[in-house]
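Since the structure comes first, as structure tokens, the remarks are kept for the end.
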Amino acid sequence: MEVIMDLLHATGISIVRYLQENFMCFQDWFVFVSHAADLRNTFHIFFPIWFHLCESVGIKLIWVAVVGDWLNLVLKWILFGQRPYWWVHETSYYGNASPPGIMQFPVTCETGPGSPSGHAMGSSSVYFVMTCAALSLLQNHISLKSRCQRWALWAFFWAVQVNVCLSRVFVAAHFPHQVIAGVISGIVVAKAFNHLQIIYSINLKKYIYTTLFLFSFALGFYLLLKAFDVDLLWTLDKASHWCSKPEWIHIDSTPFAGLIRNLGIFLGLGIALDSQMYKNSCKEKQGTLRLSCIITSLVVLHVFDSFELPSDVEMVFYVLSFCKSIAVPLTAVGIVPYCVSHVLRAQDKKVL
């Protein structure tokens, strides 16, 4: 098995080198795609847009993104996947010969295990949900008859996935087989949620229970294996040792940082949907309110996301990250619609 994996990794390194040697002119594009495929863009951009267009799609996006990323974390801990930027330096595959030289970039030094790719898995699941939602809206409002329109949407979906996969391989964050596994896993997760209608009607108590279950399972799995001398955070030392520049390693790329951030988003959605602000504002669904809520949410969340959290003390960072994440859906679902609806009503009264 080890020989097969070494051969698979060596082939992956050859592909990384080929991309870096022949497509360096696309460096800025690949780095941008890696940034764009981060799940935070789902929470700060896609979610507020889709929630105010179609609430069920927005809710599904959060469930798919959070549960999918939690599953990605568990799979990474089980599979112990290597990453190109450190494997090439530690392997004995090349014997006495010098290992192939590969470049690193600001988005290269992810600190968790590599398989399956979280960017590819998150991108495929989120874009699959949005593509299906777009098809449904077109069918309902534009009478979608042309196969070309369907093909165009699915062609866009696959174009995004190909670019994300190429990007993650180009920056040496993943091997090709890891991004392929990520895309397949993401689609499976998205398809599974197509059959789970219960997510649209659960109350705050069940959101809290689900949050506790996801966190307890991940923490319990980590502590259980640690008791058997299996360190699931084995990749942190490799990342810090082999990353070209220390400033490229960020605390928010660590496994538990991502878990806590996502669970904060998830719990925040439950709190927002249960809030009186949401219940009062959701009765008004005019086009003006929808558009105003989308624009205001995007602006507010962009400003909100620009504030960096102190990372000197790890536990403090986790707590602040959790609280900050709770505020994201609470802002988009509750506070912004509530404020916007009041402003619009006040303007209508002035006109009258």
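For percent of Cα pairs over 38 Å apart, computed directly from the structure shown, the correct entry in (i) 11; (ii) 21; (iii) 16 is (ii). Cross-linked pairs 205/279; 226/324; 279/324; 205/226; 60/205; 76/324: Cα-Cα separations exceed 20 Å for 226/324; 279/324; 205/226; 76/324. Comparing mean-square fluctuations of 66, 164, 33 from a GNM of the chain with C-alpha springs under 10 Å, the top value falls on 33. Put one equal scatterer on each alpha carbon of the stretch 221-352, apply the Debye formula with no solvent term, and list log10 I(q)/I(0) at q = 0.10, 0.23 1/Å to two decimals. Treating every Cα as an identical point scatterer, log10 I(q)/I(0) equals -0.49, -1.33.
What number comes out for accessible area per residue over the chain if the probe is 1.4 Å? Units Å², please.
In whole numbers, the chain has 50 Å² accessible per residue.
Placing R0 at 51 angstrom, the Cβ-Cβ distance between residue 315 and residue 280 gives a FRET efficiency of 0.85 after rounding to 0.05. In the chain, which longest range has no trypsin sites (Lys or Arg not before Pro) that are both DSSP loop (not H, G, I, E or B) and surrounded by at most 15 other Cβ atoms within 10 Å? Within the chain, the longest run free of exposed trypsin sites (Lys or Arg not before Pro) spans 1-144.
Length gained on full extension, residue 150 to residue 251, computed as 0.36 nm times the residue gap minus the Cα-Cα distance: 32.3 nm.
Applying 1/(1 + (r/R0)^6) with r as the Cβ-Cβ distance of residue 29 and residue 2 and R0 = 35 angstrom yields a FRET efficiency of 0.45. Summing Cβ point charges (Lys, Arg +1; Asp, Glu -1) relative to the Cα centre of the chain gives a dipole of roughly 1620 debye.
Phi angles of the stretch 99-107 translate, via the Karplus equation with coefficients 6.51, -1.76, 1.60 and θ = phi - 60°, into HN-Hα couplings of x, x, x, 10, 8, 10, 9, x, 9 Hz per residue; Gly and Pro are given as x. Peptides 326-338, 297-309, ordered by how many other C-beta atoms sit within 10 Å of their residues on average, highest first, read 326-338, 297-309. Solvent-accessible area assigned to carbon and sulfur over the stretch 227-324 amounts to 63 percent, based on a 1.4 Å probe.
Need the full-extension length gain, residue 221 to residue 209, defined as separation in residues times 0.36 nm minus the C-alpha distance. One decimal, nm. Between residue 221 and residue 209, full extension yields an extra 2.5 nm.
The values are calculated or read from the model by the stated rules, or taken from the named source; none is laboratory data. All of these numbers come straight from a predicted model, not from anything done at the bench. Cβ atoms come from the backbone with ideal geometry, glycine included; neighbour counts cover every protein chain shown. SASA here: full protein model, heavy atoms, side chains in, ligands and nucleic acids out. Shrake-Rupley method; radii C 1.70, N 1.55, O 1.52, S 1.80 Å.
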